[in-house]
Amino acid sequence: MRVSLPIKLHAGVEPCTTASQPLSSGPMNPQIMPTDTPARDMDGDSVPEQPRSFTKIVATIGPASEGCIRELVAAGMSVARLNFSHGEPEEHQARIETIRQVAQSMRRPVGILGDLPGPKMRTGTFPGGHVDLEEGESVRLRSGGGTALAGEVLLDIPDIHLSLDPGHRVSLADGQVELVVEKTYGEVVQARVTRAGAVGDRKGIHFPDSDVQYEVPTDDDRRWIQFAVDHQLDFIGVSFVGNASEIEHVRSLAGTQAIVAKIERRQAIEHLAEILEAADGVMVARGDLGVEIGLADLPGLQKMILERTLDARKFTITATEMLESMVHSSRPTRAEVTDVANAVLDGTDAVMLSAETAAGAHPVAAVNTMREIARSVEKSPRYRRRPRLKLDAMDATFGTSIAMAAAQVARALQLDKVICFTESGGTVRLISRYRPGNEIIGLSPNLGVVRQMTVLGHVRPALFRREASLEEMFDMAAEMLVVREIAEVGQEVVFVAGVPPGVVNSTNVMKLHRIGESTKLS
């Protein structure tokens, strides 16, 4: 299919093959499922789950973590990310099979996100494997492959001279080295080094000021999209998105997968409104985005993206270097703890771990740490006071109105849970956008829908068979909540459903209910 380099473990890191101890203990938190079978590992020993956070955790699976998927799920991983920039299809297929087996045996849904490689703009090679660029040095930039001559840097981008003008910046080695274009002559771009440093073979390139054209999706992306469809993944992450048409192109190739737009280009910020309209959710991919727009502007931009995505009623994932020091260290830095906490306060649905779990020394500890930070923040009054989505009269429907009403009633009366029956997941997504302040139980007979709800903040998704009447569905759900010790007799909840059951976009019923009492509607 393709030639790629595998993810390499960092020095001193051993693949995870045994359970890691959690940072703090807590009671087992059972999962609603249409069975009373407890979660057990392959040897029959129960695996205790840690108390969940409202904020979901996306963890990248790689050599360091593929042997401890069960421990990652118990620690709080809701979505497993597969980075298609590394590894072969056979490796990822094995990981998918393991994730599905673990999820089934633990009776806990786990979503799988396939992250497309996207266009890879890189330098060519250098004699000796690298070049040291000094500040003030003049450098020639030229399109082409092979090995660069003295005083030049080759870029594997066709016709680069057509996209660069005097004054445009060129970042090399993922922002470590920066050049400024002085002039072009023929097919050569002359630039001057403004930030010195070493550039190795095949390092990343960024053009913060230029509208360099990318091919999205690439031919390689198309092959991975088909892989995602064939293996029934739940989400597809689209790298280096610049506009809505690229999202629509990917959707035309995908199946039922939710499409996640990775916001990591200046053009994506400029076209954010149309991208939000086309995608199911966004990932704030802060690595490349920080190079493109500058690190100083990144925190404010992150808050803006999260706010606008919430307004658009789409889900959000905040990613990149959130607990980067835990690649080697067993504990995070204070700055990293604050970074995760601020993302949670800003209302992100999910926070993501990359190298920390894919190639780091402490993958389970990283998930535990992220969960503990999120749970601590979620207890704070500031988190509960954060802005919530309001109903727009222009798009008010039965479904949107009931979703908002359920969230408002649950918050105003401080009810324990919102229990929503859904065919497509749409109503659960809406209630989640309105931020009720408590847990939303999303019940669906469609396993694919259940898995796609795993990324939604505040939502605990579960597979639930459809009954003939609403009363039967309410009774069975209430009984399961009690059996699973998720609710107690006497607790007050909100039921949200549609009549007739089993029809998409039929949400038209909201019922306040005390667990243990009759659920009859008349």
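The values are calculated or read from the model by the stated rules, or taken from the named source; none is laboratory data. Source: prediction; values computed, not measured. Don't worry about glycine lacking a Cβ; one is built from the backbone with ideal geometry, like all the others, and counts go over all protein chains shown.
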> If you go through the stretch 115-125 one residue at a time, do you hit one that is buried (at least 21 other Cβ atoms within 10 Å of the Cβ), of a type outside the set (Ser, Thr, Tyr) and not in a loop (DSSP other than H, G, I, E, B)?
Replying inline: yes
> Restricting the search to the stretch 312-331, which residues are assigned to a loop (DSSP other than H, G, I, E, B) and crowded, with 23+ Cβ neighbours inside 10 Å?
Replying inline: 322, 323
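Select from the stretch 235-264 the residues that are of a type in the set (A, V, I, L, M) and part of a helix (DSSP H, G or I) and write down the one among them that is surrounded by the fewest Cβ atoms within 10 Å (Cβ to Cβ).
Let us first name the residues in the stretch 235-264 that are of a type in the set (A, V, I, L, M), namely 236, 238, 241, 244, 247, 250, 253-254, 258-261, 263.
Narrowing further to those that are part of a helix (DSSP H, G or I): 244, 247, 250, 253.
Working: 244: 18, 247: 24, 250: 25, 253: 15.
This residue is 253.
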> Does the stretch 290-311 include one or more residues that are within 22 Å of residue 176 (Cβ to Cβ), within 14 Å of the chain's Cα centre (by Cα) and part of a loop (DSSP other than H, G, I, E, B)?
Replying inline: no
> When only residues in the stretch 256-268 that are at pLDDT below 95 and among the basic types (Lys, Arg) count, which is nearest to the chain's Cα centre (by Cα)?
Replying inline: 265
> Residues in the stretch 68-110 that are hydrophobic (A, V, I, L, M, F, W, C) and outside any helix (DSSP H, G or I): how many?
Replying inline: 7
>> I want to confirm something. Restricting to the stretch 31-63 and keeping residues that are modelled with pLDDT under 95 and touching a Gly at 6+ places or on another chain (Cβ under 7 Å), which single residue is surrounded by the fewest Cβ atoms within 10 Å (Cβ to Cβ)?
In response: 51
>> Restricting to the stretch 309-345, count the residues that are among the small types (Gly, Ala, Ser) and under 22 Å from residue 64 (Cα atoms).
In response: 4
>> I'm trying to understand the selection: among the residues of the stretch 233-255, which are over 17 Å from the mean Cα position of the chain (by Cα) and more than 25 Å from residue 207 (Cα to Cα)?
In response: 251, 252, 253, 254, 255
> Give me the pairs: first residue in the stretch 331-342 and at positive phi, second residue surrounded by 15 or more Cβ atoms within 10 Å (Cβ to Cβ), beta-carbon distance under 7 Å, and six or more apart or on different chains, which are they?
Replying inline: none
> What are the residue pairs meeting all of these: first residue in the stretch 474-487, first residue without any contact (Cβ under 8 Å) to a residue 40 or more places away in the chain, second residue surrounded by 15 or more Cβ atoms within 10 Å (Cβ to Cβ) and of a type in the set (A, V, I, L, M, F, W, C), Cβ atoms under 9 Å, and 6 or more apart or on different chains?
Replying inline: 476/464; 482/515
> Which condition breaks for residue 166 when tested against (1) part of a loop (DSSP other than H, G, I, E, B); (2) in contact with a Pro (Cβ under 6 Å, 6 or more places away or on another chain)?
Replying inline: (2)
> Name the residues in the stretch 296-311 that are of a type in the set (D, E, K, R) and within 16 Å of residue 341 (Cβ to Cβ), would you?
Replying inline: 303
>> Would you confirm whether or not the stretch 95-114 contains a residue that is closer than 21 Å to residue 224 by Cβ, surrounded by fewer than 15 Cβ atoms within 10 Å (Cβ to Cβ) and free of Cβ contacts under 8 Å to residues at least 24 places away in the same chain?
In response: yes
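Any chance you could count how many residues in the stretch 340-352 are aliphatic (A, V, I, L, M) and within 9 Å of the chain's Cα centre (by Cα)?
3
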> Looking at (1) over 19 Å from residue 58 (Cα atoms); (2) surrounded by 24 or more Cβ atoms within 10 Å (Cβ to Cβ), can you tell me which one residue 459 breaks?
Replying inline: (1)
>> Tell me whether the stretch 135-148 contains one or more residues that are assigned to a loop (DSSP other than H, G, I, E, B) and either in contact with a His (Cβ under 7 Å, 6 or more places away or on another chain) or farther than 17 Å from residue 188 by Cβ (or both).
In response: yes
> Only one of 226, 267, 232 is of a type in the set (S, T, N, Q), out of contact with any Gly (no Cβ under 6 Å at 6 or more places or on another chain) and either buried (at least 23 other Cβ atoms within 10 Å of the Cβ) or in a helix (DSSP H, G or I) (or both); which?
Replying inline: 226
> Within the stretch 157-212, can you find the residues that are among the aromatic types (Phe, Trp, Tyr) and out of contact with any Leu (no Cβ under 9 Å at 6 or more places or on another chain)?
Replying inline: 185
